[in-house]
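Have a look at the structure below, then the notes.
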Amino acid sequence: MKTLRPLLLLALLAALVGAGIWWMTRPKPVEVVVHEVARGTVEATLTNTRAGEVEACQRAKMATIAGGRIEWLGVEEGDRVEAGQVLMRLWHGDLDARAAVARAQLATARQRVHEVCTMAANAEREAARQAQLVERGFVSASAEEKARTDARARRAACDTVQADVATAEAQLTATETERQRLVLVAPFAGTVAKISGELGEYATPSPPGVPMPPAIDLIDDSCLYVKAPMDEIDAPKIQPGLPVRITLEAVPGKVFAGTVRRVAPYITAVEKQARTVAVDVDFVNQDDARGMLVGYSTDVEIVLATRAGVLRIPTGALREGGKVLVVEGDTLVERTLQTGVANWEFTEVVSGLAEGEQVVTSLEREGVIAGASVVVRSAQAM
């Protein structure tokens with residue numbers, strides 16, 4: 001017994017030393033950040049690849065049809081104008097002279113109509129009187145025939161001068177039309193954005209195939225919309241009527257509701273690596289756009305689908321192949337999920353997780369692998 005006691009003491013001491021060594025050298029639990037699986041809303045969204053712009057529903061970059069010297073400029077940049085208001089007029093003294101001649105010719109022709117047609121009417125009455133006298137035997141048939149012939153001749157002369165009036169009117173109309181080629185008139189009410197040209201300068205119309213700066217750029221800022229470029233890969237997913245969230249750098253912290261109105265039927269290749277489709281987005285409430293300037297840069301987020309009241313996890317918790325790390329007790333367990341709608345923030349969980357379970361979001365930390373012992377240092381509820 002005396003010899004066994006020291007051996008037992010030695011064995012106990014060795015066990016204690018071994019336990020101490022194991023305790024000192026054991027793998028330390030990894031600290032992890034987790035999110036608790038909960039229910040919420042998940043949206044599938046698309047965002048524009050480059051900044052969009054606020055555009056006017058109506059915009060006219062106007063130039064005169066014919067060239068000439070700017071004789072009169074009735075507006076300044078920033079002025080509000082009404083539909084039909086004359087904005088600019090080029091010199092047209094030669095056309096004024098031609099119009100004056102045409103008006104004089106028209107007045108003369110109308111006077112001739114009055115004279116000649118009055119004589120024709122008198123001749124026709126005389127021919128009718130001669131016919132009655134022939135029936136009574138008071139005049140000869142030759143006298144009556146002469147009266148009829150004279151009436152027909154005078155009626156023909158009346159028709160000729162009436163045609164001269166129509167010709168004079170057409171000439172005057174042609175001159176007035178040609179003069180309108182040198183005048184700019186507002187096609188709609190709006191604001192003058194830019195004027196190219198000063199009094200006395202020569203305005204040149206655009207030759208075929210050669211674009212020239214417009215003389216006046218007119219915008220209707222009472223109706224605005226957003227034009228945003230979207231990646232060509234996303235174009236088939238976008239349909240008119242989808243809801244949109246609009247944000248502007250000029251109006252920070254505010255989100256405007258919009259709706260997709262049109263998806264362009266062609267691709268815009270700004271660069272070889274940047275092929276996009278233009279999407280037009282209307283503001284749901286035009287009053288929201290009041291005060292915005294045409295050209296403001298915008299970002300849009302198009303909502304493709306919405307799932308409400310579904311299980312969701314942070315998208316950052318997903319690993320390759322739809323796998324996540326779940327905390328069970330103090331150990332990490334890997335699971336494969338079936339997922340649904342997703343965006344950059346959240347992913348819908350169709351199966352593989354239960355409400356209240358904890359998934360690891362700090363995947364970048366060293367030692368965060370399946371089977372690792374962990375300590376939850378911080379948890380964030382969704």
Does residue 48 qualify as being loosely packed, with under 14 Cβ neighbours inside 10 Å and either closer than 20 Å to residue 195 by Cβ or not charged (D, E, K, R) (or both)? no
Those strands (runs of 3 or more DSSP E) completely within the range 258-340 that have 2 or more residues that are touching a residue at least 60 places away in the same chain (Cβ under 8 Å) and touching a Lys or Arg at 6+ places or on another chain (Cβ under 8 Å) are 274-283, 297-314
Listed residues 99, 109; which is surrounded by 18 or more Cβ atoms within 10 Å (Cβ to Cβ), over 38 Å from the mean Cα position of the chain (by Cα), in a helix (DSSP H, G or I) and at pLDDT 75 or above? 109
Selected residue (only one of 301, 320, 334 is exposed (fewer than 12 other Cβ atoms within 10 Å of the Cβ) and among the charged types (D, E, K, R)): 320
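The values are calculated or read from the model by the stated rules, or taken from the named source; none is laboratory data. Computed from a predicted model, the values in this text were never measured in an experiment. Cβ: placed from backbone, ideal geometry, glycine included. Neighbour counts: every protein chain shown.
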